[in-house]
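Notes follow the structure.
Nothing in this text is a laboratory measurement; each read-out follows from the coordinates by a stated rule. Not measured: the values here are computed from a predicted model. Using ideal geometry, Cβ is built from the backbone for each residue, glycine included, and neighbour counts are taken over all protein chains shown.
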Amino acid sequence: MREKCLAPDSATGQATYRGEPLPAIAQRIRERILTTISNARVGHPGGSMSAVEILTSLYFHVLRVDPERPDWPERDRFVLSKGHASSALYATLAERGFFPPELLSTFGKINSRLQVHPDMHKVPGVEISTGALGQGLSVGVGMALAARADYPEGRGRPGVRIYVLLGDGECQEGQVWEAVMAAAHYKLDNLTAIVDYNQVQLSGPVAEVMEVAPLADKWRSFGWAVEEVPGHDIEALIAGFDKARGIKGRPTVIIARTVKGKGVSFMEGKSAWHGKPPDEQELKLALEEVRRSWKQ
Amino acid sequence: MEAVRDAFGKALVEIGRHDKRIVVLDADLASSTKVTYFAAEFPDRYFQVGIAEQNMTGIAAGLALMGRIPFTSTFGVFASRRACDQVAMSIAHPRLPVKLVGAYSGILSGNNGATHQAVEDVAIMRAIPNMVVVDPADAVEMSQVVKAIVEYDGPVYLRMSRDAWPDVVPPDYTFKLGKSVLLRPGDTVALVCSGMMASLCLEAASRLERQGISAMVLHMPTIKPLDIDSLVEAAEQTGCVVTAENHNVIGGLGSAVAEVLSEFCPVPVKKVGLQDTYGECGSNEELLEKYGLSAAHIVKAALEVLERKKK
């Protein structure tokens, strides 16, 4: 639960989880993503690596969840609308203790619980099956409507909050904007969306495929509070989530500026790594780089 | 004789009084689907989502995940076509207990023409794994269907006629999900139907009786899962089958029946329904006549399968 990981390290002011700085956990998640995808020969490394700090901030600091009780009614809900980043979610859930990390080696294989796009009935901690892009924010709106009625903030209770992670390319789906409109209409201040703004999609740069900018202006004009944060800076992300919690009467979107394939120089910013697994040699190089970067 | 949609609206209020899990989402069609009754009595459990069926379907999924039993209110064309991927991926695949109401079923859409005529909704919904498809005949049956689908813990597509149709089910009737209803015994030909076509089949059976032909009327309000045992029994008993549906003959009840019979009891089958075409404007009577769905067409189809049976 959140209580266990709330306090920042007294010496550095940095967020930690069980004494470990969150960036260290993030790097371990990155290693697991790369290994999982390479081993499975399937998956989406680019958009998984860009979401690592977002997921680390959420699962190791922000979300009130309990791996021992994944169905705890008063938990916060996280929806991975960009279901393609499943390997990042699985690595994060495994690190957080929802299931043993050994399971990651079954990713994408026949009979595995770990589908390439997440299945809520197969994995503890996955709140809703996703993979068809554009649908998660609507689901989040429904959750937030019910959560506001059942578990409102106040009387010493934090209230159940709903978090939805979208891709920037995903914002090309019309349904996203139907949901953006509805969340503001219903004044869902218990809902926080996060856009993993890595600026690259399968066919190339988002700006060339179908420009979504100005993203902040779009969300703002629909009635949302907007926080733009550097998406690989865990402290900045946590500050953004903290601020979102305090904004009343409207939902908040965190627009997280990220780098596709973050952490591996030959993957960074390259659409070629959207859905391509690294081979053995590439994995070796990638892991070395990820490990080196944290030690520095 | 009450309009099927009125019976739906009232039944929803009735069950909503006892079951707080019931919520209603509406894509700006409440006055057509009659969820207005629910909205008036339970404003806190009624969510207007505007003209956005895809979003409505996703919001329903989110509410279901939080313990609600959502009913979504729109026309059949929008529930099935407009929000098809959301129905499949956000509702059916995760097996969420959302009840999708598709109003103005078939070509009888209150003279709104082809854009509002649901001629392929059953085909779409039936092909989606985990989805249950129900097409009640009259107001009495509809009232019971609402209760039954609330009790069923999974996704349901509820097809709903716009207008009033003669009551066909007996007064002591109990609807059971997945079970057919023998509306009229007979042993020469079986008329298999769903929805408002039941009353036309009864009329056709009366006409056939005057010609000395004993026609059974087997109503299948649950199109999926189909009551295979009763259907096969009816085919064995009569030796030929006419299906009657207010829908395209591709993918709907007729297809479902033919799929079962070709496997378990291959007898001559004739499908009454839209012959792979869209509709147009017109009164109910005009449309049924022009598109081959009237009692006279059912009679003609029965005589045809009887001929084929003799060969």
Review point. What is the calculated FRET efficiency for B:D187 to B:I250, with r their C-beta to C-beta distance and R₀ = 25 Å, to the nearest 0.05?
Key: 0.25
Practice item. For chain A, with a Gaussian network of springs between Cα atoms less than 10 Å apart, report the residue from A:I238, A:I33, A:I247 with the top mean-square fluctuation. Key: A:I247
Review point. According to a simple spin-label model (label point 7 Å from Cα along Cα-to-Cβ), what is the distance in nm between B:E236 and B:K310?
Key: 2.7
**Study point:** Net charge dipole size for the protein assembly as shown [Lys, Arg +1 and Asp, Glu -1 on Cβ; Debye, nearest 20]
**Key:** 1000
Revision key, fill the gap. Each label sits 7 Å from Cα toward the beta-carbon; between A:H185 and B:E285 the label points are separated, in nm, by 4.1
Check your understanding: Given the Cα-Cα distance of B:K176 and B:Q211 and 0.36 nm per residue of separation, how much length would full extension add, in nm?
Key -> 9.2 nm
Review point. Å³ per residue of the Cα convex hull, for chain A?
Key: 119
Study note, to complete from the structure: Expressed as a whole number, the average count of other chain Cβ atoms within 10 Å around the Cβ atoms of A:176-187 is 4
**Study point:** Length-normalised contact order for chain B - Cα pairs under 8 Å, 6+ apart - percent
**Key:** 16
Review point. Could the peptides A:19-25, B:251-257, B:122-128 be put in order, highest first, of the mean number of other beta-carbon atoms found within 10 Å of their residues?
Key: B:251-257, B:122-128, A:19-25
Point to revise | Value of [θ]222 nm, deg cm²/dmol, for chain A, DSSP H segments ≥ 4, -39500 (n - 2.57) each, nearest 500 | key: -11000 deg cm²/dmol
Check your understanding: Using +1 on the beta carbon of Lys and Arg, -1 on that of Asp and Glu, and nothing else charged, what's the dipole of the stretch B:181-310 about the Cα centre, debye to 20?
Key -> 300
Point to revise | Computed over the protein assembly as shown, Cα set: Rg, Dmax in Å | key: 27.5, 97
Review point. Restricting attention to the stretch A:208-246, which GluC sites (Glu not before Pro) occupy a DSSP loop and are surrounded by at most 16 other Cβ atoms within 10 Å?
Key: A:E211
**Study point:** Partner chain coverage, peptide B:88-96 - average Cβ within 10 angstrom
**Key:** 5
Review point. Reported to two decimal places, what Rg/Rh ratio describes the stretch A:35-91 when computed on Cα atoms with Rh from the Kirkwood expression?
Key: 1.02
Practice item. Provide, as a two-decimal number, the C-alpha radius of gyration of the stretch B:181-310 over 2.2 N^0.38 Å, N being how many residues it has. Key: 0.96
**Study point:** Gain upon complete extension [B:Q275, B:T115; 0.36 nm per residue less C-alpha separation]
**Key:** 55.9 nm
Check your understanding: How far apart, in nm, are the 7 Å Cα→Cβ label points at A:A216 and B:F264?
Key -> 6.4
**Study point:** Förster-model FRET efficiency, 22 Å R0, A:L202 and A:L285, C-beta, rounded to 0.05
**Key:** 0.40
Exercise for review: Would you mind telling me which residue in B:D172, B:D28, B:D135 has the biggest mean-square fluctuation in a Gaussian network model of chain B, where springs connect alpha carbons within a distance under 10 angstrom?
Suggested key: B:D172
